[in-house]
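Quick notes on the structure that follows.
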Amino acid sequence: MLSVRMCAHVRREARLRSVFRQFDKDGSGFIDRSELDAVFNELGKDFDDDDLQRMIGLADQDASGTTCSDERHLTNCSCCC
Ligand SMILES: [Ca+2]
């Protein structure tokens, strides 16, 4: 049972990393407001600066104005472990 749970966790982490890389257009390891805006524009969604800042703020634990791919963000999954 544990191996099934671990496999699900590993698959989820791989998906998160893949999505993160799609957002992180310059490969910096961070997603800034312009990169988030670009992804939403590709999806046909238009958010104003306040909305984008709020979205970044939800994942911005160090108040840097970006989200990052730090291991802690992707591996501290409480939903399946
Ligand atoms: Ca970036």
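Structural remarks
- Net charge of the neighbourhood of Asp32, taken over other residues with C-beta under 11 Å away and scored Lys/Arg +1, Asp/Glu -1, is -3.
- Relative to the 2.2 N^0.38 Å rule of thumb, region 2-75 has a C-alpha radius of gyration ratio of 1.22.
Every number here is computed from the coordinates shown, using simple stated rules; none is lab data. Model, not experiment: these values are computed from the prediction. Cβ coordinates were reconstructed from backbone atoms using ideal geometry, including for glycine residues, and neighbour counts include every protein chain displayed.
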